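> Below you'll find the structure I mean.
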Amino acid sequence: MTADSDSQQTFIQLLKKGNTSSASAAVGNAGIAIVKGIAAALTGSGAMFASTMHSIADAVNQAFVFTGSVLAEKKPTRRFPTGFGRVINLFCMVAVLVVTIMAYETVREGIHLMSHPTESHGFWLNLAVLLLSTAVDGFILVKAMKEIVHESRVNAKGLQIFGAAFRNVGRAAPPTRLVFYEDLVATTGALLALIAVVVTALTSFTLLDGICTILIGFLMLLVAFRVGYDNMVGLIGVSAPPDVEEKVAKIIFSNPNVTDIYQLRILQEGRYYHVDGLIELKPGLTLADADDMKFKIRDSLLLDADINDVTIGIIEDNGVKNWKNLETFRSDKANDRS
């Protein structure tokens, strides 16, 4: 196999590891944006125009984010020893800029429509397109919710997925969070546009077209702020959620020779975690035995699919309780032995 075929194979493997939610959303929103754009041009509906802008922003964003999720899966190199996990945060920040620009244009169009309200036509075309948009965006939203449940390792089925997704969205990968927030707003925006189209067609309240257009623009700004904040925190470097820390501690304490955790730091990069800890072992162990314990604990942690880097140091038990839940873990170990 040649070097070119090796690189091609690697590229294909990286594509397979890319975020599926963002890929599906990019394709779905691109198709919906084309259909909405044609409908907006034919009918002159401001709400349809706003919904079109939102779908264009979503399609561009998801394409960016999928590219970032692929690059983030590259293995660490000598120059970048901690990997490329934070690359996805950079791509998401670019996506935030796109959403912000589109939101500005949408709000400006809404203000124009309120100042100069116009009657739209093609009611049935608008209705059909918006119903299709709601269905597609809703499908992508449900897919993103399932991805959140999967990435956060939560057991939820059926209608439980909806509540579990909202509770655990912070633990999902950055691209999955972006898809979730954007399609939550996209589905809401499509429903608002649907209401505006129906009301303006049946009544003389033409101002609703501009009002709904402005509301959709502000919803887009809300998504931009939320996603921007999440990814800014990710670029700085954020600690893992408490339940992840507890899970790591439980794996460490599963080794019978571990008496305490002197210090533990878990940093989240993208959807992966870097573990850096100093553990205390039973007194009297030889250096060779202590080294064996250290490597066994490291290997146990690396078995977790969410952990891709572990640095463990060892010291002898100093007789002082350092880990906050030490007694709980000791009692759990005693129960396991009994």
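> Is it fair to say residue 172 is surrounded by 22 or more Cβ atoms within 10 Å (Cβ to Cβ) and not assigned by TED's automatic domain parsing to the domain that holds residue 117? First the steps, then the outcome.
On the way: surrounded by 22 or more Cβ atoms within 10 Å (Cβ to Cβ): yes; not assigned by TED's automatic domain parsing to the domain that holds residue 117: no.
When the stated conditions are applied, residue 172 does not pass them.
> Here's a follow-up. Say we look at the stretch 219-274 and pick out the residues that are aromatic (Phe, Trp, Tyr) and surrounded by 21 or more Cβ atoms within 10 Å (Cβ to Cβ); which of these is modelled with the lowest pLDDT?
Per the criteria, the residue is 273.
> Moving to a separate point now. Only residues that are in contact (Cβ under 8 Å) with a residue 24 or more places away in the chain and surrounded by fewer than 24 Cβ atoms within 10 Å (Cβ to Cβ): list them for the stretch 186-207, please.
187, 188, 191, 192, 194, 198, 201, 206, 207
> Right, something else. Out of 149, 142, report the one residue that is outside any loop (DSSP other than H, G, I, E, B) and surrounded by 19 or more Cβ atoms within 10 Å (Cβ to Cβ).
Answer to the check: 149.
> Oh, and also: Tell me, yes or no, whether the stretch 278-297 has at least one residue that is under 30 Å from the mean Cα position of the chain (by Cα), modelled with pLDDT of 90 or more and of a type outside the set (Val, Ile, Thr).
No, the stretch 278-297 has no match at all.
> Looking at 85, 110, 68 in this structure, which one is in the same structural domain as residue 216 (by TED's automatic domain parsing), part of a helix (DSSP H, G or I) and modelled with pLDDT under 80?
Going through 85, 110, 68 in turn, the sole match is 68.
The values are calculated or read from the model by the stated rules, or taken from the named source; none is laboratory data. All values derive from a computational prediction rather than experimental measurement. No Cβ is skipped: glycine too gets one built from the backbone with ideal geometry, and neighbour counts run over all protein chains shown.
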